[in-house]
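**Q** Pasting a structure below so you can have a look.
Every read-out reported here was derived from the displayed coordinates using simple, explicitly stated rules and does not represent laboratory data. What you see is a predicted model, and the numbers here were worked out from it, not measured in a lab. Cβ coordinates were reconstructed from backbone atoms using ideal geometry, including for glycine residues, and neighbour counts include every protein chain displayed.
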Amino acid sequence: MTALDEGQAHALDEADPLSGYRDRFLLPTADDGTPKVYLAGQSLGAQPATARAAVEAELDAWARLGVDGWFARERAWIEADDALRESAARLVGARPAEVATLNTLTVNLHLLLATFFRPSGGRTAILIDAPTFPSDRYAVESQLGLHGLDPERDLIVVRPREGEALLRPEDLEGAIHEHRDRLAVALLAGVNYATGQVLDIARLTAAVHDAGAVALWDLAHAAGNVPLALHDAGVDGAAWCTYKYLNAGPGAIAQLFVHERHAADASTMRLSGWWGNDPATRFRMAETFEPAAGADGWRISTPPILSLAPIRASLAIFDEVGIDALRAKSVRLTGYLEGLLDALVPDAEIVTPRDPAARGAQLSVRVAEAPRTLAALERADVVVDFREPDIIRLAPVPLYNTFHDAWRAASVLAESGRGPA
Ligand SMILES: Cc1ncc(COP(=O)(O)O)c(C=O)c1O
């Protein structure tokens, strides 16, 4: 048995202490009813098998109790987002009061920018890293516009060097330092959506603070993927969706982090709504807004109860496994896929960092003939994700992907490089 053959993949699965978790998910199936090789969890995570019952329990409560569902039962809707706090805080390395579950990701980026982007004097610029997920850029540009600023002047985009795919951390630090007199906010990606590159959140947050600016993080591809320590890193604010590695379902409600030093400060501005009011006085219907303690003060509206249910089901699994055990498997699994691609598909260029510490559960692979490769993967029931013009993203997710999944994907890529179109 060699390191490249199928038997080795099966042997690795047999030795994997987390292999049983695959059965806790419903994976898309092929025509013959067997699970597809689902490597698209960085786009939409697989469905926890308990998600349906969790949603049905809320539908039943609605049918049985109507409006009384808000208060009159063991897990009343009024506490539905509260119930996620501890689990979410564990995943991102926050104090429980520093996280809230609300809205969707881009909306939460806007809420953070509304609070933290308060241009004054010469400090009017926002710095972002590239490749930037378009929504983040649109959000930042519109926030600049809201303040009458011009993105041509006040948006600083730090890009990989010519001919390079990855950002050099020293270039980011250099740009932060260079613009220290005019920088108001940096909005950076914890894990880059296109390349899978992990940025050092503590180091860059410190650099942003040294420049006298605020550090915000988009953790869409980081939450549930890599261990995080937002509180200790001193991050000002962060936001992430729950439909990727957190497996909460398409368009599921998102989460947000605000460091306690800001939430405790009564002068911190937040776009307000009644759900962000202190729960103790919310239903007095008073004219004056009294922010809830912690990140809850950023909530605005009544939470979508049906959307919250699958997250509860999913985070229960994360609580059981723990992010450190997941990360340990993730490093092995992604490394295994990398080794297979290097050996079997030497023409495919892996743009994701080679250093396991600088990436999560994702390999972005640049392929020469993307349409042909994608067609071959589809025929073989391997689900991946494609980003124009030529990047295939493969995410071996440690909760539900196997070493054999990685082997099948690499084999198809190897075959598609050889055969006719
Ligand atoms: C890095 C990143 N930022 C922002 C978004 C936008 O998220 P939403 O549509 O939930 O606002 C995504 C979506 O995939 C993303 O990957």
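**Q** In debye, nearest 20: dipole of the chain around its Cα centre with unit charges on the Cβ of K, R (+) and D, E (-)?
**A** Numbers: 39 positive and 58 negative charges, 103 e Å.
That gives the chain a dipole magnitude of about 500 debye.
**Q** Related question: When DSSP beta bridges are limited to those with both residues in the chain, what percentage is antiparallel, rounded to the nearest 5? Don't skip to the answer; put the middle values down first.
**A** Values: 23 of 42 bridges.
In the chain, DSSP labels about 55 percent of beta bridges as antiparallel.
**Q** Taking the DSSP beta bridges in the range 135-253 as the whole, what percent of them are antiparallel, to the nearest 5?
**A** Values: 1 of 9 bridges.
Antiparallel: roughly 10 percent of the beta bridges in the range 135-253.
**Q** Provide the gained length on full extension for the span TRP62 to GLU290, in nm with one decimal, where the gain is 0.36 nm per separating residue minus the Cα-Cα distance.
**A** Values: separation 228, 0.36 × 228 = 82.08 nm, distance 2.95 nm.
That pair, TRP62 and GLU290, stretches by 79.1 nm at full extension.
**Q** If you take every residue apart from GLY122 with its C-beta less than 9 Å away from the C-beta of GLY122, what net charge results, scoring Lys and Arg +1 and Asp and Glu -1? Numbers along the way, then the final one.
**A** Working: positive: ARG123, ARG182; negative: ASP181.
Neighbour charge sum, excluding GLY122 itself: +1.
**Q** Next question. What order do you get for LEU394, LEU333 when you list them from fewest to most C-beta neighbours inside 10 Å? Numbers along the way, then the final one.
**A** Values: LEU394 32, LEU333 23.
With the sparsest Cβ surroundings first, the list reads LEU333, LEU394.
**Q** The range 314-395: D in µm²/s via Stokes-Einstein (Kirkwood Rh, Cα pairs, 25 °C, 0.890 mPa s)? Don't jump to the answer; show the numbers that get you there.
**A** Details: Rh = 14.0 Å.
The diffusion coefficient I find is 176 µm²/s.
**Q** Right, here's the next one. Considering all alpha-carbon pairs of the range 208-323, what whole percent are spaced by more than 20 angstrom? Intermediate values should be presented prior to the final figure.
**A** Numbers: 3451 of 6670 pairs.
So the pairs more than 20 Å apart make up 52 percent of the total in the range 208-323.
**Q** Additional query: Compute the projected area of the convex hull of the Cα atoms of the range 25-142, averaged over all viewing directions, and report it in nm² to one decimal place.
**A** Details: hull surface 49.1 nm².
That works out to 12.3 nm², a quarter of the Cα hull's surface.
**Q** Here is a follow-up. Given the peptides 197-205, 61-69, arrange them by the average over their residues of other C-beta atoms within 10 Å, most packed first. Walk me through the intermediate numbers first.
**A** Details: 197-205: 20.3, 61-69: 13.3.
Put in order of decreasing packing, that is 197-205, 61-69.
**Q** Same structure again: With everything on Cα atoms, drop me the angle between helix 403-418 and the longest principal axis of the chain, reported from 0 to 90° to the nearest 10.
**A** It is inclined by approximately 60 degrees.
**Q** A further question on this structure: Which one of TRP407, PRO134, GLY360 has its Cα pushed farthest toward the positive end of the charge dipole of the chain, where Lys and Arg give +1 and Asp and Glu give -1 at the Cβ?
**A** PRO134
**Q** Angle check, please: helix 370-379 long axis (alpha carbons) against the longest principal axis of the chain (alpha carbons), in degrees 0 to 90, nearest 10.
**A** The angle comes out at about 80 degrees.
**Q** Can you give me the angle between helix 105-116 and the longest principal axis of the chain, using Cα atoms only, in degrees from 0 to 90, rounded to the nearest 10?
**A** Approximately 40 degrees, to the nearest ten.
**Q** Divide the volume of the convex hull of the Cα atoms of the chain by its number of residues and quote the answer in cubic angstrom per residue.
**A** Numbers: hull volume 62.4 nm³, N = 421.
So the per-residue hull volume is 148 Å³.
**Q** What range in the chain is the longest one free of GluC sites (Glu not before Pro) that are in a loop by DSSP and have at most 15 other Cβ atoms within 10 angstrom? Please list the in-between numbers first.
**A** Numbers: sites that count: GLU74, GLU162, GLU164, GLU287, GLU369.
After excluding every exposed loop site, the longest remaining stretch is 165-286.
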